[in-house]
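Read the figures in this text as sums done on the coordinates, not as results from a lab. Keep in mind it's a predicted model, so treat the numbers as computed, not measured. With ideal geometry, Cβ positions are generated from the backbone for all residues, glycine too; neighbour counts draw on all protein chains shown.
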Amino acid sequence: MKTTFLKITALVAFVAFSSCKDKAEEAETKAAEEVAVAKSTAVTFKADTDKSIITWKGFKPTGSHEGTINVKGGTIAINGDTVESGKFTIDMSTIEVTDIPKSEEGNANLQGHLSGPDFFDVAGFPTAEFEVTGFENKDGKSMLSGNLTMKGETNNISFPVKTSVDGDTMTLTSETFTIDRSKWNIKYGSKSFFDDLGDKFINDDIELTVTLLANKA
């Protein structure tokens, strides 16, 4: 019995360690900051909504789910290799679940739940916005900072990105990073708000990866 208990304990510890090790780094999150203003020499690009996408991944004790959200529109101003300003609108009504086939009932159920008042409340908050507040090189990485407004709450987040310009097209791709949904008042199944969830909780961390393509305005 003791040997079995030790094996189970070791397995749980290994799974917990592996989960922490594999988790994407959380974006630095703080109070909203003043929005950046581009210099007159900056070049403005307009988001290509057909080629820009945000992928997401959420976690619970028994597994995870993932999907996409579309960028509705926006612009970004570039000066050389520096992002000087930008504002993007995210269409929350386009939340999709990609790890469950659309033919299965679970796909529609999860998508409906994420869109409902328990989670993102798309009816009340149909869009989210990201406004650039800064761009700096830190520890060998380009860090993009901006105010993310979602479900009526605004926080400033910073995460690593890579940018490139090829003719009239600009591409910005982020590393995968996480945000803590509880900071945007998304309460469902969150231990940050409820103490009696047992193993029925959903992790506060949501992984995001941003891919933005924009054309010269």
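Relative to the present Cα-Cα distance, how much length would full extension add between Glu28 and Thr173 at 0.36 nm per residue of separation?
Details: separation 145, 0.36 × 145 = 52.20 nm, distance 1.75 nm.
Here the segment from Glu28 to Thr173 would lengthen by 50.4 nm.
With the simple spin-label model, which puts each label point 7 Å out from Cα in the Cβ direction, the Thr44 to Lys60 separation comes to 4.4 nm.
For Ala217 and Asn137, FRET efficiency with R0 = 22 Å and r from the beta-carbon atoms, rounded to 0.05?
That gives a FRET efficiency of 0.25.
Convex hull volume of the C-alpha atoms in the stretch 59-98, normalised per residue: 116 Å³. Sparse packing (at most 14 other Cβ atoms within 10 Å of the Cβ) combined with a DSSP loop state is found for the following trypsin sites (Lys or Arg not before Pro) in the stretch 51-101: Lys51. For Thr94, nonlocal amide neighbours, meaning residues 5 or more places apart or on other chains whose placed amide H falls under 5 Å from its own, are Asn70. Note on the stretch 46-196: Lys pairs 8 or more places apart or on different chains, Cα atoms under 15 Å apart, count 11.
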